[in-house]
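Written below as structure tokens is the structure these notes are about.
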Amino acid sequence: MDLVRTFYLDPVSREILSGWDNRYSSEHVEVLHVWNDPVNQRWPAKLTAPTTRIGDDVVINTDVLLAYPSPLPPSEFPASSGDATYRAMELFQFFARAADLDDPAVGNVPCTLYAYAPEKWSAPNETSWTSFKRHAIHRSDDGGPRSDT
């Protein structure tokens, strides 16, 4: 299980941002960093995925096309949601040793996806959606408290 963390950085200083100045609206906007806790994966034994061999390693590419009801429905979040259906694409590359993939005695092939993996499971998981909703529910579009909650 990997916890994906994405931090938005100042393009010059490379410091982690807590907010930024929108040059079009002249407002200061809070930055919400991405903390995503994806689901464990179990691949079928006969997985068909594009691969690239690089020396002793194999790169397995998986493209996940997503389309599901938006966690931020426009009826509840009109200023922050463009559609009732969330559409996205997640592109993964898994790196494994070719010898492990070729060995029928190896039941679980170790692979590298990210540099960090947590040592234990934590629940409930936090995603960019749940973090955004937690922040947005307590604020109106003008930055003040929402009047409809």
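For the stretch 5-17, how many residues meet the condition of being surrounded by 11 or more Cβ atoms within 10 Å (Cβ to Cβ) and either modelled with pLDDT of 80 or more or part of a loop (DSSP other than H, G, I, E, B) (or both)?
Number satisfying all stated conditions: 5.
Which numbered condition trips up ASP2, out of (1) within 30 Å of ASP100 (Cα to Cα); (2) modelled with pLDDT of 80 or more; (3) not hydrophobic (A, V, I, L, M, F, W, C)?
With respect to (1) within 30 Å of ASP100 (Cα to Cα); (2) modelled with pLDDT of 80 or more; (3) not hydrophobic (A, V, I, L, M, F, W, C), ASP2 is out only on (2).
Would you pick out the residues in the stretch 36-56 that are at pLDDT 70 or above and either closer than 29 Å to PHE132 by Cα or outside any strand (DSSP E or B) (or both)?
Of everything in the stretch 36-56, those that are at pLDDT 70 or above and either closer than 29 Å to PHE132 by Cα or outside any strand (DSSP E or B) (or both) turn out to be LYS46, THR48, ALA49, PRO50, GLY55, ASP56.
Right, ALA79: surrounded by fewer than 12 Cβ atoms within 10 Å (Cβ to Cβ), modelled with pLDDT of 90 or more and not hydroxyl-bearing (Ser, Thr, Tyr) or not?
Criteria not met by ALA79.
Going through LEU72, LEU66 one at a time, which residue ends up being farther than 18 Å from ASP100 by Cβ, modelled with pLDDT of 85 or more and not hydroxyl-bearing (Ser, Thr, Tyr)?
Result of the check over LEU72, LEU66: LEU72.
The values are calculated or read from the model by the stated rules, or taken from the named source; none is laboratory data. A quick note: this is a predicted structure, and the numbers were derived from the prediction, not measured. Cβ coordinates were reconstructed from backbone atoms using ideal geometry, including for glycine residues, and neighbour counts include every protein chain displayed.
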